Amino acid sequence: MMGHTLLGLFLLTTLFSGNAEELNVKATLRADRTTIPAGGSVTLTCDLKDLTDLVYQWFRETSSGNKSTIEDQFARGISISKGGIYTCRGWKKNTDLITTESDPVTIHETASKPRVTLTAHSSILPAGGSVTLSCSVEGSAGWKFDWFRRDSQFSGAQKIGAGTSEHTISISEGGIYYCRGGRGDPVFSTEDSAPVTIQKQVLAAVKLQHSWSQIFTGETVTLRCEIQGGEGKVWKYEWTAPNTNSPPTSSEYRISRVSVSHSGDYRCRGSSDYLLTGWSDAFTLTVSSGKPRATLTAQSSILPAGGSVTLSCSVEGSAGWKFDWFRRDSQFSGAQKIGAGTSEHTISISEGGIYYCRGGRGDPVFSTEDSAPVTIQKQVLAAVKLQHSWSQIFTGETITLRCEIQGGEGKVWKYEWTAPNTNSPPTSSEYRISRVSVSHSGDYRCRGSSDYLLTGWSDAFRLTVSSASKPRATLTAHSSVIPAGGSVTLSCSVEGSAGWKFDWFRRDSVSSKAQLMRGNEANRVISVSQGGLYHCRGGRGDPVYYTEDSAPVTIHKQYKPRPVLTVSPSWLSPGASVTLNCEVEHPSAGWSFYWYKAVPDLSEKSSSYELLPDGSGTAQDSYIIHGQTHTAGYVCRAGRGDPEYHTDHSQPKFLWSADVHSAASLTVSPDRVQHFTSDSVSLTCEETSLSGE
């Protein structure tokens, strides 16, 4: 018996491992009779012609549909005592070869127990509906009924109703049903009824996996067969589709790079055990030819200073898009992606430029054509300014107005101007007017554009050109006299206007020619230490515009006083004393006196001065020389103040020393210390005069 069990296990392992190979030989099952007598048996024989070394396998199927192997029966002939549907087959020992299973033979038991009959008014359970089952025992009464349900052919049965006196029940769930009757006490039960399969009808629907309905050529689409209430089941699917002979058998119908030929109606249905769907409603797929183009719109083409602009990207008549956003600095520059795969169809920008967008959807992504570009011009501020710093303009000047754009550095701008009395204003940043006149007075405005930058019209700059004649410079001096050793300050101005530089002129007299002392001086004040007639003029701009010359101002120079030296006596005997007196012209107090001996220098035709002993800064205006023994020349000068101001040196005076016995008196003219060969000198002795070279 143990050997049969091991053999059976080996046989089952081989058969169910999938390694067995079927022989093209069919077994034949014979029974010695088809009804088992009460308490008896039936002999079954499995015939396989011309095959030896076989082991036999026997199967029995009950009235409820359960089919199983008869354990521990491997002989060619077996004896049975239970009714059922029997089949057999052979297996060649020590190989993987099996024969084809025999045709079934039904063996009946002697009718000791009645069999109930289960009927259903429909084998299809409509969605949301129910089916009525009836259980009956023919020709007898008094029965109560038990009701059973299985999920599948191989699952266990569950009792869904016990001992009901009603012979019908209403069910709303699919499955395999059977019933059994019972009566009396103890309960006598009938045989189980034959099973009845009820298939529950559920709904199938074809849906696009994505949310958009309009499909374009080249997209990848996926249709799904969705079964309501079919979760957790293993389904078999069927599809109907246009232009295909091999639709898929799965829940998804995927089409890569769809074309117009894929347009049409798609349906699906499914089945799983006792669940069944009808054909779904048709899903009509419409494929549009050509690639769509995105459309970019802007709430404004002008980006105000410090503000923003909203851009919107759309694909007409379709949905499900995500958007890529691009910007270029100029028409010829490369594009930069500024936003990728945004589900929002709008963005806010704060920078000028050339913008476009593109839509994309699906996996792999299907992209639209790029939108037409939209230029957003950023508004910046423009202002008109005078190139120079003065506001009062005179007829004949050259002026330059500039259009200055805030934040416009490094850009190439196109300019526009509005100006009075002109039909052809410039197109550059400068508005230059040569020899301006009163007719140029008025308001000037400008604006500019550069790629994506734009200014509004600037505020007006009002130009006022004076109708008065050419302005005249005014020269003033803080004094008309230059003190000895000092200077005078002169000031030049042009009333009511600015920006001038000054030219300074001087001439010695009214009839002499004026000489330019200093030109293009930014300082309107100078200091002069030389007398003469002075005038000035102002100039500004490029080319320089000059004022009229100022009225002349005469400046007198006060020269240093020259003291007068007297010698007494001018002739003296050897060893006598002499007195020197120094007198300052227009004498006044506070002078100190200096006494010098004149020493001739023949090579330089000049003299140097040698300070006499105790001759520095004496308070007395006289100086006594004692014991003079030879002829000599003397000079003096005076000084006062702190720091000390000195006069010029006096003209030299000669002191002549003579013999004590001489009675003659000699004078020299000119009376000076040094004489040169080209000079004329007169000598006088008493009243007689001699002349010589």
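Points worth noting:
Conditions (1) at pLDDT below 95; (2) not in a strand (DSSP E or B), marked per residue:
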residue	(1), (2)
GLN530	yes, yes
TYR534	no, no
ASP542	yes, yes
TYR559	yes, yes
ARG562	yes, yes
VAL567	yes, no
VAL578	yes, no
PRO587	yes, yes
GLY590	yes, yes
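- Listed by position, the strands (runs of 3 or more DSSP E) contained in the range 266-352 that have at least 3 residues being in contact with a Ser or Thr (Cβ under 7 Å, 6 or more places away or on another chain) and open to solvent by less than 30 Å² (accessible area, probe 1.4 Å) are 309-314.
- Strands (runs of 3 or more DSSP E) wholly inside the range 36-122 containing at least 1 residues that are of a type outside the set (Val, Ile, Thr) and open to solvent by less than 60 Å² (accessible area, probe 1.4 Å): 42-47, 54-61, 77-80, 84-92, 97-100, 117-120
- Complete set of residues in the range 353-366 that are under 30 Å from ARG254 (Cβ atoms) and crowded, with 17+ Cβ neighbours inside 10 Å: CYS357, ARG358, GLY359, GLY360, ARG361, GLY362, PHE366
- Of residues in the range 224-244 being out of contact with any Asp or Glu (no Cβ under 7 Å at 6 or more places or on another chain) and part of a strand (DSSP E or B), the one most open to solvent (accessible area, probe 1.4 Å): LYS236
- Top-ranked residue of the range 196-213 - restricted to ones that are within 51 Å of the chain's Cα centre (by Cα) and open to solvent by 50 Å² or more (accessible area, probe 1.4 Å), ranked as modelled with the highest pLDDT: LYS207
- Failed item, numbered, when HIS388 is tested on (1) surrounded by 13 or more Cβ atoms within 10 Å (Cβ to Cβ); (2) more than 29 Å from ARG540 (Cβ to Cβ); (3) more than 29 Å from the chain's Cα centre (by Cα); (4) of a type outside the set (Gly, Ala, Ser): (2)
- Residue in the range 402-424 that is farthest from GLN377 (Cα to Cα), counting only those that are touching a Gly at 6+ places or on another chain (Cβ under 7 Å) and surrounded by fewer than 16 Cβ atoms within 10 Å (Cβ to Cβ): PRO420
- Members of the range 396-453 that are part of a loop (DSSP other than H, G, I, E, B) and touching a helix residue (DSSP H, G or I) at 6+ places or on another chain (Cβ under 6 Å): ASN421
- Matching residues, the range 487-498, being open to solvent by 30 Å² or more (accessible area, probe 1.4 Å), of a type outside the set (Asp, Glu), touching a Lys or Arg at 6+ places or on another chain (Cβ under 9 Å) and not in a strand (DSSP E or B): ALA498
- Residue match in the range 32-50 (condition: in contact with a Cys (Cβ under 7 Å, 6 or more places away or on another chain) and charged (D, E, K, R)): no
- Filter pass, SER550 being outside any strand (DSSP E or B), among the polar types (S, T, N, Q), without any contact (Cβ under 8 Å) to a residue 40 or more places away in the chain and over 30 Å from VAL668 (Cβ atoms): no
The values are calculated or read from the model by the stated rules, or taken from the named source; none is laboratory data. Everything numeric here is computed off the predicted structure, so don't read it as measured data. All Cβ positions, even for glycine, are placed from backbone atoms using ideal geometry, and neighbour counts span all protein chains on display. Protein only, heavy atoms only, side chains kept; ligands, DNA and RNA dropped before computing areas. Shrake-Rupley method; radii C 1.70, N 1.55, O 1.52, S 1.80 Å.
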